[in-house]
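Below is one structure, written out as structure tokens; comments come after it.
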Amino acid sequence: MLARKGLIHDEFLITRLAEDNADQPQYKTKLRKARFVSKNGACNVAHKNIREQGRFLQDVFTTMVDLKWQHSLLIFTMTFMCSWVLFAMAWWLIAFAHGDLDPKRSSSIPCVTNIQSFTSAFLFSIEVQVTIGFGGRMVTEQCPLAITVLIIQNILGLIINAVMLGCIFMKTAQANRRAETLIFSRNAVIACRDGKYRFMFRVGDLRKSMIISASIKIQIIKKTTTDEGEVVPISQVDIQVENPVGTNSIFLVSPLIISHTIDEKSPLFHFSAYDLGNQDIEVVAILEGVVETTGITTQARTSYLPDEILWGHRFVPIVTEEEGRYSVDYSKFGNTVKVNGPLCSAKDLMEGRYTQILSGHPSRSVKKRKVDSQQALLLEKKMAACTRSNDSSSDS
């Protein structure tokens, strides 16, 4: 406005704006890594340029089960319609060859009674294949060919019924339907338990029917480069689940907190709270078991990106004892609270070099043992940014 009135030269105004922009910090937008496994368990993988399409036809049943519902129902309907029309043509040709369509031969015994046109042949084809039998049309003993076609249509009709009904049943009883009631916490947490870092998330089952032989597995998906320079875009690394019996089996009657101890063998051993946010990794959790009611093996999956892992948090208790039985409050299933604890990596924690945050405030830090002052200041700045990120994640 002042520049328009001539009170301030345009050159000075442009210089002033440039100085203001120079004083403001410049932020670069970080590209979000594509998820390998989405939060609902779907794998984010697109299969392209598949040349051997005929392999799908070699396993027709699985191909039909994997189709969408509208495609399956279309194939279901067209299969029956085509078989009815095909055998209707066969019955019409038999009647035509035997002369049953000629009204002058009304005194002779026909191959199939009451067939005067293709429409009546089509109705008889439906009656034979679905075993309706209204009683108006029937095969006589005059034509052995008609008896043979009757046998073939009955056998083929049974095969079509078995395949089509089997596909419909398998689509309705697919294992991923049961996985809809197996839930994971939206966020994972990292906190200290018994003096060691633990990576933790919560899993639960909304149904009363149990998952038999349930087991859980955790993998870290990351991009790695070998010593020879080969780039592996998707490297899957298994990490051990904390279990006293030494296996991955769990008894999923009530929600459980699954934990992984971050030790020397863990891929998270060298990551601090700030380092974790800059890592290009994805933690995939896989729950697998047998459905008690159907006996079908089901699998539920989810994943956690670095911005979905809350450092210095723990899950709130949701299981209480009320009137002689245990009660689960699923409204607090994914709720977390901040806890006091170190912010350094597990390696620094093991060596005793860390900075601890008191009451969730990075400004109230206490140095343990001998830490370089510049390193402590850098940790404090990093954790202040991490704490602000955790606050926004908890609010959401």
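In a simple Cβ point-charge model (Lys, Arg +1; Asp, Glu -1; nothing else charged), the range 212-286 has a dipole of about 340 debye relative to its Cα centre. Surface composition of the range 59-114: carbon plus sulfur atoms contribute 72% of the solvent-accessible area (1.4 Å probe, protein chains only, all chains present).
The calculated P(r) of the range 203-278, using every Cα pair and 5 Å bins from 0, goes 3, 12, 17, 19, 17, 13, 10, 6, 2, 1, 0 in percent. Checking the cross-link pairs LYS208/LYS332; LYS223/LYS338; LYS196/LYS223; LYS196/LYS265; LYS39/LYS332 against a 23 Å limit on the alpha carbon distance flags LYS223/LYS338; LYS196/LYS223 as lying beyond it. How many percent of all Cα-Cα pairs in the range 140-206 sit more than 21 Å apart? Taking all Cα-Cα pairs of the range 140-206, the fraction more than 21 Å apart is 64 percent. A Cβ-based charge dipole, computed about the Cα centre of the range 96-186 with Lys and Arg at +1 and Asp and Glu at -1, lands at about 500 debye. Convex hull volume of the Cα atoms of the range 246-299, normalised per residue: 125 Å³. Equivalent-ellipsoid semi-axes for the range 62-198 (Cα gyration tensor, √(5λ), whole Å, largest first): 57, 12, 10.
The simple spin-label model puts a point 7 Å past each Cα toward its Cβ; for ILE126 and VAL337 those points are separated by 6.8 nm.
Among the GluC sites (Glu not before Pro) in the range 170-269, those located in a DSSP loop and surrounded by at most 11 other Cβ atoms within 10 Å of their own Cβ are GLU228, GLU230, GLU264. Evaluated at q = 0.22 Å⁻¹, the base-10 log of the normalised Debye intensity for the range 219-345, with identical point scatterers placed on the Cα atoms, takes the values -1.54. Treating each Cα of the range 124-163 as an identical point scatterer and summing with the Debye formula, the log10 of I(q)/I(0) at q = 0.20, 0.22, 0.28, 0.35 Å⁻¹ comes to -0.61, -0.72, -1.00, -1.18. For the range 111-261, a simple Cβ point-charge model (Lys and Arg +1, Asp and Glu -1, everything else neutral) yields a dipole of about 700 debye relative to the Cα centre. On the basis of the beta-carbon distance and an R0 of 35 Å, THR79 and ILE296 show a calculated FRET efficiency of 0.85. Considering the range 143-288 at the alpha-carbon level, its Rg and Dmax are found to be 24.8, 89 Å.
The values are calculated or read from the model by the stated rules, or taken from the named source; none is laboratory data. Treat the numbers as computed from the prediction; the structure is a model and nothing was measured. Neighbour counts are summed over all protein chains in view; Cβ atoms, including those assigned to glycine, are modelled from backbone coordinates with ideal geometry. Heavy atoms of the whole protein, side chains included, go into the accessibility calculation; ligands, DNA and RNA do not. Shrake-Rupley method; radii C 1.70, N 1.55, O 1.52, S 1.80 Å.
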